[in-house]
Amino acid sequence: MSEALTEYQGKATMEKITSLAKRRGFVFQSSEIYGGQNGAWDYGPLGIELKNRIAQVWWKEMTQLHDDIVGLDAAILMHPRVWEASGHVENFTDPLVDCKQCKTRFRADMIPEENLKAKKCPDCGGELTDTRKFNLMFKTHIGPVEEAANTIYLRPETAQGIYVNYKNIIQSNRMKVPFGIAQIGKAFRNEIVTKNFIFRTCEFEQMEMQYFVKPGTDVEWFNEWKKRRWAYYEKLGVNMNQLRWHQHGPNELAHYAKDAYDIEYCFPMGWKELEGVHNRSNYDLTRHTEFSGKDLQYIDQDNKERYLPFIIETSAGLTRTLLMLLCDAYDEEKVADKGTDDDWRTVLRFHPAIAPITVAVLPLMKKDGLVELAQDIRGELKEDFATDYDQSGAIGRRYRRQDEAGTPFCITIDYESKDNGTVTLRFRDSMEQVRVNRRELAERLRKAIKEYQRS
Ligand code: ATP
């Protein structure tokens, strides 16, 4: 492992990423024609492909590759008592201060200590209000009457859906401790500060896995899951020197946590949390037992004992991972020396397993049967790969467009293809081109995806 960076050293800036994301249809501002909606973003054609791919890779990692983890898709709307039991009604708050002069709103834990003490705005030096608690849960009403008895919350984390189903899953799927439940879904938080593009939004998606273990084995499992989650990012081809661990100090620990580490990524705006690995102890199950009156103990038939399992949680933001991968993949490379703009290419070096388009098929000319041949080849590849087709403009321009979308492979069809059935396969990262028989294409691509190493 290489040494961790002290500051961001990549070429991406949030401005470049935001603009590329819009230009290429990854992410648009929500309700843009009305001036935009704070804290909400829409995922365009490439964005939804990328998001789906990240979710698939995570899902495979968690469920397919772990015999002891099963999936769940719980509802966003849950019984309001869930959030009393979980502690969110009482504790899921951010400390808030406002500047009386410039009216900027801050999270008190995110401004320098000395400003808080002196009640001095870090932006304009104006006077700050007292700190007050602000609950991050979105509240609404279910049914036609807007009264307190009908209050319902949009879930602020997916985890609680797992806890309230854990007994159902043990019974229906005969799971034995230790085992895990994985879930991907939307979560909502009324965030006070929503800057930095899709980093912190009011509506976002989480990929969470809750692993149920016997008390006393929790520390061991906690360390094991830390190792596994680190290895997962290595497998995704992320620049590992842009990642680091951060352990929560006593003042940072959430109300449910016994121990907590974040995997942080060095984003263009600095080191920020990407995923949390938490030892939630038996806090949640204890509270749900209390509030629901149901016995949630696990009955270990083999050893004739019963207990409330401890829970190790791995909680990653799906949309935040997407931002991380955009930043991590972003590169500008000098590819010629003619003194023009074309000397440089912008390239997203996505791992082929997560790239929105895996392979683009490009006929060299729009005539002499090359289009038909290209469509035919695309038709063959479609079943197994996410393909794109582009016949407009000079071939160099078309390669650049695909580089910017992060497409790892391009296939060019030329006159020789008509004669002998070979095509040009171009690799995004090295720009190397090789001739391949069309019959061997699918196999060749599968191998290249499997053996991909980031250069
Ligand atoms: P923070 O302290 O930054 O508000 P947190 O510690 O409360 O975040 P967790 O509750 O641990 O975050 O959430 C788990 C993961 O969910 C985070 O690591 C992050 O990737 C993602 N996440 C949390 N809040 C948001 C948000 N508002 N927008 C996008 N992703 C989020």
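The values are calculated or read from the model by the stated rules, or taken from the named source; none is laboratory data. Everything quoted here is computed from the prediction, not taken from an experiment. Cβ sites come from the backbone with ideal geometry, for glycine too, and all protein chains shown count toward neighbours.
Note on the range 385-414: among residues that are part of a loop (DSSP other than H, G, I, E, B) and of a type in the set (A, V, I, L, M, F, W, C), the one that is surrounded by the fewest Cβ atoms within 10 Å (Cβ to Cβ) is ALA394.
Quick one: is THR346 assigned to a strand (DSSP E or B), of a type in the set (S, T, N, Q) and in contact with a helix residue (DSSP H, G or I) (Cβ under 9 Å, 6 or more places away or on another chain)? So THR346 passes the test.
Among residues of the range 144-162 being over 14 Å from PRO80 (Cα atoms) and over 23 Å from the mean Cα position of the chain (by Cα), the one that is surrounded by the most Cβ atoms within 10 Å (Cβ to Cβ) is GLU146. Where strands (runs of 3 or more DSSP E) fall wholly inside the range 226-295, the ranges with 2 or more residues that are out of contact with any Ser or Thr (no Cβ under 8 Å at 6 or more places or on another chain) and within 12 Å of the ligand (Cβ to nearest atom) are 259-267, 270-279. Filtering THR194, THR201 for residues that are in the same structural domain as TYR298 (by TED's automatic domain parsing), in a loop (DSSP other than H, G, I, E, B), hydroxyl-bearing (Ser, Thr, Tyr) and under 16 Å from the mean Cα position of the chain (by Cα) leaves a single hit, THR201.
Answer yes or no: is there a residue in the range 377-384 that is in a loop (DSSP other than H, G, I, E, B) and on the phi < 0 side of the Ramachandran plot. Scanning the range 377-384, I find at least one residue that is in a loop (DSSP other than H, G, I, E, B) and on the phi < 0 side of the Ramachandran plot, so the answer is yes.
Would you confirm, using the coordinates I've provided, whether ASP429 is acidic (Asp, Glu), surrounded by 13 or more Cβ atoms within 10 Å (Cβ to Cβ) and on the phi < 0 side of the Ramachandran plot? Against the criterion (acidic (Asp, Glu), surrounded by 13 or more Cβ atoms within 10 Å (Cβ to Cβ) and on the phi < 0 side of the Ramachandran plot), ASP429 qualifies.
So, GLN210, is that one within 15 Å of the ligand (Cβ to nearest atom) and surrounded by 22 or more Cβ atoms within 10 Å (Cβ to Cβ) or not?
yes
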